[in-house]
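Enquirer: Here it is: the structure, laid out below.
The values are calculated or read from the model by the stated rules, or taken from the named source; none is laboratory data. Computed from a predicted model, the values in this text were never measured in an experiment. Cβ placement follows ideal geometry from the backbone for every residue including glycine, while neighbour counts extend to all protein chains displayed. For the accessible areas, the whole protein counts, side chains as well, though only heavy atoms, and no ligand, DNA or RNA atoms are used. Shrake-Rupley method; radii C 1.70, N 1.55, O 1.52, S 1.80 Å.
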Amino acid sequence: MTTIRLHNTRTRRKEDFAPLDMDNVRMYVCGPTVYDRAHLGNARPVVVFDVLYRLLRHVYGEGHVTYVRNFTDVDDKINARAAESGRSIGEITAETTQWFLEDMAALGALEPDHMPRATQYIPQMVAMIEGLIAKGHAYEAEGHVLFAVDSWREHYGKLSGRTVEDMIAGARVEVAPYKRNPMDFVLWKPSSEDLPGWPSPWGRGRPGWHIECSAMSYELLGASFDIHGGGGDLIFPHHENEIAQSCCAHPEGQFAKVWLHNEMLQVEGKKMSKSLGNFFTVRDLLDGNWSGGWKVPGEVIRFVFLSTHYRKPMDWTAEKAREAERELDSWVNTLSVDPEVLEKATAGEGQPERSIVEALSDDLNTSLALMHLRKMASFVDNGSEFLNSDDAAQVSHRLNFCASAKLLGFDLVPLSTTRRKQGLSLVSYEIRLSEARAEASKTKDFSVVDALKSGLLDAGVEVRMRKDSVDLVPGPDFDPAKLEALK
Ligand code: AMP
Ligand code: ZN
């Protein structure tokens, strides 16, 4: 069996992964707070842990992995959004949850086995908090319940490698007169009548942020499970606090064995922020509402993500998106001409290449896996390696290529059909035409632009050229085969 190696934030080392139960490998990943569209950074952990989920299913078997990712649907940001928009909290969280599922599906992410919502687990959170109070790890003060970090002082901070003293010195903690230690954090807080609240032994109130993940992972995965993931920004305080709550409430377990954290996403070398004008949601990219101006299909976003290792900062650039678009186009174009391969691949024939499974097993080396896939694609493409081999060898190579791509989350068979039918592959021609036009405006030679335009019109594509954008719209007579002539 393949040995997977993963970098464990807790031990700061790459370790051989040995599941607690080979028949049920268990993973928990912190999901989104649902008050707005997911931005591009939020999509990074989704894609990273989707690849890990696929790898675990490949190695241990599809029915032997349980993946849980929560929705935080009780949070002060949600309350604020409801107050400013005049809409109800339930309406906002339901709509945002649906958007999230649609946008992540567009990126080719499989749905986790369980997607618990915090509001469905309030009684379990209350029970956990009562247990913590009974064991002397939490206390009630002025309608709040707080976790007492001094009751677990020698362990608190182990994940992030800091002592309580360091934290007090470095953190901007909320100073409240009722806290015994400034690092104590909220498990439960009182709600006024206009805010969501549930009955509890401490009056009507709502949970603090961290307790939901402890309660839901315990309910769905037990006191000990294999992998806990999320973005690196969650290590402190969120994950540190989850560990404190879970280990104190359930000392019989060890909570999560392996901790995995993805690095943050940037845009063109800068932090993504609204004030810099480089902030966009996944939906903005899919719809073409971003600085690049073209519609970036989900598989292209995924490709760009996977080209950077998850523990390195990821830089989103328009150039990377263009390259990914071209490469994916060339892959699906070569496949879509072979009906036998399409049929067999749909039926699930083919095996991922060993080299690709190994690259992923080495702490998710997705960029190396993409390189191996590229090598396979070049064989599929020109077929020169197969000049002397029989058709069966070619078909089998193509099927393995499809299976390998699928392990990375690229379902080439449906992609080859949709990209052609919907004219999604036109994006690469939009890019070519924009670039040719930019060049022509310098040289005043418009022959390349004109040739491209007439070739596209011939193929049944409507060409809409505006000052700063090029839109290609497939008409009723769109014939992708005629685009080949433009190559
Ligand atoms: P939030 O809704 O802010 O709790 O974030 C949901 C997930 O997205 C968490 O796992 C965060 O760590 C992750 N995340 C937020 N911003 C970024 C970013 N810029 N890059 C990568 N991951 C991010
Ligand atoms: Zn969490």
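Enquirer: Treating the angle as unsigned and between 0 and 90°, give the value, to the nearest 10°, between the Cα long axis of helix 318-335 and the longest Cα principal axis of the chain.
Expert: 60 degrees
Enquirer: Roughly speaking, what is the stretch gain from residue 464 to residue 252, that is 0.36 nm per residue apart minus the C-alpha to C-alpha distance, in nm to one decimal?
Expert: My answer for the length gained is 69.8 nm.
Enquirer: On to the next question. Using alpha-carbon positions, what is the distance between the centroids of the range 13-31 and the range 156-195, in Å?
Expert: 29 Å
Enquirer: If you average the sequence gap of Cα pairs under 8 Å that are 6 or more apart and divide by the length of the chain, what percent do you get for the contact order?
Expert: Worked out over the chain, it gives 15 percent.
Enquirer: Using only the Cα atoms of the range 425-486, construct the convex hull and provide its projected area averaged over every direction, in square nanometres to one decimal. If you can, show how the numbers build up before the last one.
Expert: Values: hull surface 15.3 nm².
That works out to 3.8 nm², a quarter of the Cα hull's surface.
Enquirer: I would also like to ask the following. Evaluate the Debye formula for the range 45-201 with equal point scatterers sitting on the alpha carbons, no solvent, and hand back log10 of I(q)/I(0) at q = 0.10, 0.13, 0.14 Å⁻¹, in q order, two decimals.
Expert: Ignoring solvent entirely, the Cα scatterers give -0.56, -0.91, -1.02.
Enquirer: With the other protein chains left in place, how much accessible area per residue, in square angstrom, belongs to the chain at a 1.4 angstrom probe? Numbers along the way, then the final one.
Expert: On the way: 21530 Å² over 487 residues.
In whole numbers, the chain has 44 Å² accessible per residue.
Enquirer: Just to make sure I understand: if all protein chains stay in place, what is the order of 20, 342 by accessible area at 1.4 Å, largest first? If you can, show how the numbers build up before the last one.
Expert: Numbers: 20 75, 342 40 Å².
Sorted by accessible area, descending: 20, 342.
Enquirer: Still on this model: Just to confirm a number: summing +1 for Lys and Arg and -1 for Asp and Glu over residues other than residue 224 whose beta-carbon lies under 13 angstrom from that of residue 224, what do you get?
Expert: Around residue 224, the charge tally is -1.
Enquirer: If you don't mind, there's one more thing I want to ask. Which value, in debye to the nearest 20, describes the size of the charge dipole of the chain about its Cα centre when Lys and Arg Cβ atoms bear +1, Asp and Glu Cβ atoms bear -1, and nothing else is charged? Before the final figure, lay out each step's value.
Expert: On the way: 56 positive and 71 negative charges, 209 e Å.
That gives a dipole near 1000 debye.
Enquirer: Restricting to Cα atoms and excluding each atom paired with itself, what does the Kirkwood estimate give for the chain in Å? Walk me through the numbers before you get to the answer.
Expert: Numbers: mean 1/r = 0.0401 Å⁻¹.
That comes to 24.9 Å for the chain.
Enquirer: Which of 143, 31, 108 sits farthest toward the positive end of the charge dipole of the chain, with +1 on the Cβ of Lys and Arg and -1 on the Cβ of Asp and Glu?
Expert: Farthest along the dipole direction, towards plus: 143.
Enquirer: Among 273, 401, 288, whose Cα lies farthest out toward the positive end of the dipole of the range 266-421, if unit charges sit on the beta carbon of Lys, Arg (+1) and Asp, Glu (-1)?
Expert: Looking along the dipole axis, the top candidate is 273.
Enquirer: Taking the 0 to 90 degree range and rounding to the nearest ten, how far is the long axis of helix 391-407 tilted relative to the main principal axis of the chain, both from C-alpha atoms?
Expert: Roughly 30 degrees between the two axes.
Enquirer: Further, regarding this structure: Which whole-number value in Å³ per residue fits the convex hull of the alpha carbons of the range 141-214? Let's see the in-between values first.
Expert: Numbers: hull volume 8.4 nm³, N = 74.
Hull volume normalised by residue count: 113 Å³.
Enquirer: Determine how many Å³ per residue the convex hull of the Cα atoms of the range 221-344 encloses.
Expert: Residue-normalised Cα hull volume stands at 160 Å³.
Enquirer: Still on this model: Which residue, 428, 342, 317, has the largest displacement toward the positive end of the dipole of the chain when charges sit on each Cβ (Lys, Arg +1; Asp, Glu -1)?
Expert: 317
Enquirer: Ranked from highest to lowest mean number of other Cβ atoms within 10 Å per residue, what is the order of the peptides 358-364, 157-163, 46-52?
Expert: Highest mean packing first, the order is 46-52, 358-364, 157-163.
Enquirer: For residue 12, what accessible surface area do you get with a 1.4 Å probe? Give it in Å², rounded to 10.
Expert: About 120 Å², ignoring ligands and nucleic acids.
Enquirer: Taking only the alpha-carbon positions of the range 266-421 and ignoring solvent, what does the Debye formula give for the base-10 log of I(q)/I(0) at q = 0.10, 0.18 Å⁻¹?
Expert: Here log10 of I(q) over I(0) equals -0.40, -1.10.
Enquirer: Suppose only helical runs count, i.e. DSSP H with n ≥ 4. What mean residue ellipticity at 222 nm does that imply for the chain under -39500 (n - 2.57) per run, divided by all residues and rounded to the nearest 500 deg cm²/dmol?
Expert: Details: 18 runs with 217 residues, N = 487.
Theoretical 222 nm ellipticity from helices: -14000 deg cm²/dmol.
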